[in-house]
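**Student:** First the structure, which I've put down as structure tokens, then a few questions once you've had a look.
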Amino acid sequence: MNDYETYPLGDILLQSGQQLPQAFIAYKTYSSLNAEKNNVIVYPTWFAGLHTDNEWLIGENKALDPNRYFIIVPNMLGNGLSSSPSNTPAPFGKSNFPLISMYDNVRSQHQLITEKFGISKIKLVVGWSLGAMQVFQWGTSYPEMVERIAPFGGTAKTRPLAHCYSRV
């Protein structure tokens, strides 16, 4: 049995202009959303990372305390749990999996957060490495929704050597 859930995104048009049919995003939540829906932290995964890899910051008396916050950890598109080359049917699977950008990941996360949970305000978006790059994208794409961002161990612009990671 999985320790995460999936949310159907439908057919999504990617920033590259390519289509990703029947896309879905895998995620895990920690704690409960309060009635005001204002205790939300979004903590995206990084390249090849899974939601379980983010748990080192989640827990009582840790930086992300589920006694105080509703924490959503969305798995990146392409990480093997969300729509990925390995779980997308032909003709879009394997080496034909479309290019995925930070924008595509964040737009998918936004769809999950607004449609599934009805959230309109996020207290904090935090992440490291490629997760940090998604944090920057959240702040750029949805500044009216995000109160604070905390990127760490990431850069606001992908260095040329990291471009191989654009096909996740």
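**Student:** Between residues in segment 81-96 that are open to solvent by less than 50 Å² (accessible area, probe 1.4 Å) and residues that are charged (D, E, K, R), which pairs lie under 9 Å by C-beta distance while being six or more apart or on different chains?
**Tutor:** Filtered contacts from segment 81-96: Pro85/Lys94; Pro85/Arg167; Thr88/Lys94.
**Student:** Still on this structure, I have one more. Tell me, please, whether a residue that is without any contact (Cβ under 8 Å) to a residue 60 or more places away in the chain and either over 16 Å from the mean Cα position of the chain (by Cα) or over 22 Å from Ser129 (Cβ atoms) (or both) can be found in segment 100-114.
**Tutor:** yes
Condition check ((1) at pLDDT below 95; (2) under 14 Å from the mean Cα position of the chain (by Cα)) across all residues:
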site	(1), (2)
Phe92	yes, no
Gly139	no, yes
Glu147	no, no
Leu161	yes, no
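**Student:** State yes or no: is Met76 modelled with pLDDT under 95, within 10 Å of the chain's Cα centre (by Cα) and not β-branched (Val, Ile, Thr)?
**Tutor:** No; evaluated as a whole, the condition is false for this residue.
**Student:** Write out, first by first residue and then by second, each pair whose Cβ atoms fall under 7 Å of each other, whose residues are 6+ apart or on separate chains, and whose first residue, in segment 1-18, is farther than 16 Å from Thr45 by Cβ and of a type in the set (Asp, Glu) while the second is open to solvent by 70 Å² or more (accessible area, probe 1.4 Å) and part of a strand (DSSP E or B).
**Tutor:** Asp11/Gln19; Asp11/Gln22
**Student:** While we're looking at this one, here's another question. Which is open to solvent by less than 20 Å² (accessible area, probe 1.4 Å) and on the phi > 0 side of the Ramachandran plot, of Gly10, Gly59?
**Tutor:** Gly59
The values are calculated or read from the model by the stated rules, or taken from the named source; none is laboratory data. Not measured: the values here are computed from a predicted model. All Cβ positions, glycine included, derive from the backbone under ideal geometry; neighbour counts span all protein chains shown. Side chains included, ligands, DNA and RNA excluded: accessible areas come from the protein's heavy atoms. Shrake-Rupley method; radii C 1.70, N 1.55, O 1.52, S 1.80 Å.
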